[in-house]
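The next block holds one structure in the form of structure tokens; read it before the comments.
The values are calculated or read from the model by the stated rules, or taken from the named source; none is laboratory data. Since we're looking at a predicted model, the values are computed, not measured. Quick reminder, even Gly has a Cβ in these numbers, built from the backbone with ideal geometry, and neighbours come from all protein chains shown. Heavy atoms of the whole protein, side chains included, go into the accessibility calculation; ligands, DNA and RNA do not. Shrake-Rupley method; radii C 1.70, N 1.55, O 1.52, S 1.80 Å.
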Amino acid sequence: MFDKDPLFYNQYYMEYERIYTETPKTAIWDRIDILTTLNGVKKQLEIKSSKLNINLSEELIVEKAKGVAFCIRSSRDLFNQSSSKNLTPSLTSLYYGTYNFLSALMIGDVTNNLTLENIENFSKNGGHGIKSIYNSPTIDLANDEFIYCCNNGFYKELLKNFGYEFENIVMLTNYKKIEGIPDPEIHKLISLKDLLSRIPELKNIYVEIFQEQPNYLNYFATELYDKNKGNYSISISENQNTHFLKAEQINTILNLPEEYVFEYKKTNSAPYEQFYCDNLPDELINLNPKYNSPIANDCQIKPLLGIDDMLLLYFKLFYILSIWTRYRPNLWREVCEGKHDHYRSLFSILTDVAERVIPNLFLDKFYGRRFLLASHSYWG
């Protein structure tokens with residue numbers, strides 16, 4: 001097959017790098033290790049520049065390489081301190097470790113002139129650019145605790161670098177109380193639940209706690225032919241999602257017009273009940289779910305203020321949790337041993353998941369391909 005279709009061959013192999021291992025958490029840092037060296041990063045930046053036909057000066061490439069290598073070493077040290085069995089310090093370590101990964105991605109982007117000095121200035125002049133805010137007292141942990149993006153600082157620059165329209169995401173000013181936020185900006189508040197509901201790796205524990213479908217979907221697209229050629233049939237199985245899924249939620253999560261109705265029925269191709277919608281034009285849906293988790297089903301994330309990048313969502317989630325551990329000991333005690341203690345298991349799983357997933361997501365972004373770390377038996 002590959003001999004007859006070289007394009008398919010190139011796409012299949014160039015989009016993936018498979019690493020055989022029985023210990024992915026260790027192997028992924030072995031793979032990342034080359035990016036802790038000046039020459040390793042420099043080589044990759046030169047390759048990126050050549051592919052994009054961008055002529056960076058030798059001086060700028062060296063400065064970028066120094067910055068990336070330093071950020072990755074810092075991230076490695078921080079992730080090494082994390083352990084789901086030692087939850088309180090781990091949440092802060094993972095937050096700063098993710099911050100360093102994101103910094104490395106910004107510096108390693110050869111389409112800009114950013115160096116480590118610029119990253120320092122972003123944070124020095126505007127902090128990390130996100131703030132936590134909450135209803136007092138916190139009664140419903142998931143819905144009373146919020147985060148928002150500031151109009152300066154690291155996160156705003158991150159949004160710009162990642163190509164987001166930050167004007168619709170950041171607050172016009174910093175607010176200390178929810179009551180002080182004007183109505184036109186209140187939608188920019190992001191609750192803890194908003195974030196948790198978009199982490200596919202937490203599906204089992206999320207569903208047990210909240211008893212609802214999270215804000216993502218796994219689906220399968222089949223191309224139609226004859227008079228419907230160019231359109232697609234979309235099937236959505238409860239087994240790959242949850243039994244709480246309702247038809248009206250599908251349109252909301254996938255951002256589809258209401259006239260495209262999903263029916264729960266059997267078909268000849270699948271003799272069990274699923275949600276189906278026929279004749280969807282390809283411009284209305286990604287033909288393959290966009291988020292490819294290393295340890296969860298591929299799925300489409302419902303964007304949060306337009307953001308569906310998992311590294312950015314993880315970063316904000318760990319910001320909230322690290323704030324609790326550092327500055328809100330009374331609330332954190334309630335999570336550890338009080339009225340919110342059912343969340344402790346969720347956060348412990350989150351910590352364990354992040355140690356595996358976040359470095360993988362970084363590698364995918366830095367190299368522009370998917371890294372699959374699994375044993376020989378995976379995929380046969």
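Count, please, the residues in region 50-96 that happen to be assigned to a helix (DSSP H, G or I) and of a type in the set (S, T, N, Q).
8
Which residues, counting only those in region 88-117, are open to solvent by 10 Å² or more (accessible area, probe 1.4 Å) and more than 18 Å from K316 (Cβ to Cβ)?
Within region 88-117, T88, P89, D109, T111, N112, N113, L114, T115, L116, E117 qualify.
Quick test for you: out of N231, N215, N241, pick the one residue that is closer than 17 Å to P281 by Cα, open to solvent by less than 50 Å² (accessible area, probe 1.4 Å) and not charged (D, E, K, R).
N231
Given the conditions (1) open to solvent by 40 Å² or more (accessible area, probe 1.4 Å); (2) within 22 Å of the chain's Cα centre (by Cα), which single one is not true for Y148?
Of (1) open to solvent by 40 Å² or more (accessible area, probe 1.4 Å); (2) within 22 Å of the chain's Cα centre (by Cα), only one is false for Y148: (1).
Of the numbered conditions (1) open to solvent by 30 Å² or more (accessible area, probe 1.4 Å); (2) farther than 20 Å from T325 by Cβ; (3) not in a loop (DSSP other than H, G, I, E, B), K131 fails exactly one; give the number of that condition.
Tallying (1) open to solvent by 30 Å² or more (accessible area, probe 1.4 Å); (2) farther than 20 Å from T325 by Cβ; (3) not in a loop (DSSP other than H, G, I, E, B), K131 fails exactly one: (2).
Would you check if there is a residue in region 262-273 being among the β-branched types (V, I, T) and under 19 Å from L350 (Cα atoms)? Break it down stepwise before answering.
Let us first name the residues in region 262-273 that are among the β-branched types (V, I, T), namely 267.
Now narrow it down to the ones that are under 19 Å from L350 (Cα atoms): none.
No: zero hits.
Looking at (1) over 22 Å from V335 (Cβ atoms); (2) in contact (Cβ under 8 Å) with a residue 24 or more places away in the chain, find the lone condition where L141 falls short.
Result: L141 passes all but (1).
Quick check on my filter: what residues within region 328-369 are open to solvent by 60 Å² or more (accessible area, probe 1.4 Å) and either of a type in the set (K, R) or touching a residue at least 60 places away in the same chain (Cβ under 8 Å) (or both)?
Listed by number, the residues that qualify are R333, K339, H342, R344, S345, I349, D352, K365, R369.
Could you list, ordered by first residue, the pairs with Cβ atoms under 7 Å in which the first is in region 170-194 and of a type outside the set (V, I, T) and the second is in a helix (DSSP H, G or I) and surrounded by 14 or more Cβ atoms within 10 Å (Cβ to Cβ), at least 6 apart or interchain?
Partner pairs satisfying both residue conditions: M171/E185; M171/K188; L172/E185; S191/A142; L192/L141; L192/A142; L192/I320; K193/A142.
Within region 187-200, take every residue that is out of contact with any helix residue (DSSP H, G or I) (no Cβ under 8 Å at 6 or more places or on another chain) and not charged (D, E, K, R) and give me the one that is most open to solvent (accessible area, probe 1.4 Å).
That would be H187.
Yes/no matrix, rows are residues, columns are (1) open to solvent by 60 Å² or more (accessible area, probe 1.4 Å); (2) in contact with a Leu (Cβ under 6 Å, 6 or more places away or on another chain); (3) modelled with pLDDT under 95:
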{"position": "N10", "(1), (2), (3)": "yes, no, yes"}
{"position": "V41", "(1), (2), (3)": "no, yes, no"}
{"position": "E46", "(1), (2), (3)": "yes, no, no"}
{"position": "E58", "(1), (2), (3)": "yes, no, no"}
{"position": "C71", "(1), (2), (3)": "no, no, no"}
{"position": "S74", "(1), (2), (3)": "no, no, no"}
{"position": "D77", "(1), (2), (3)": "yes, no, no"}
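Inside region 255-270, can you point out the residues that are open to solvent by less than 100 Å² (accessible area, probe 1.4 Å) and modelled with pLDDT under 90?
If the condition is that a residue be open to solvent by less than 100 Å² (accessible area, probe 1.4 Å) and modelled with pLDDT under 90, then K265, T267, A270 are the ones that fit.
Could you tell me whether any residue of region 168-186 is surrounded by 11 or more Cβ atoms within 10 Å (Cβ to Cβ), in contact with a helix residue (DSSP H, G or I) (Cβ under 7 Å, 6 or more places away or on another chain), modelled with pLDDT of 95 or more and not aliphatic (A, V, I, L, M)?
no
Which residues, taken from region 274-314, are in a strand (DSSP E or B), polar (S, T, N, Q) and open to solvent by 50 Å² or more (accessible area, probe 1.4 Å)? Outline the logic, then answer.
If we filter region 274-314 for residues that are in a strand (DSSP E or B), which is where we start, we get 274-281, 291, 299-301, 304, 307.
Add one more test, that the residue is polar (S, T, N, Q), and what stays is 274, 279, 300.
Within region 274-314, just N279 meets the criteria.
Considering (1) among the small types (G, A, S); (2) open to solvent by less than 20 Å² (accessible area, probe 1.4 Å); (3) assigned to a loop (DSSP other than H, G, I, E, B), say which one S322 fails and leave the rest.
Every listed condition holds for S322 apart from (3).
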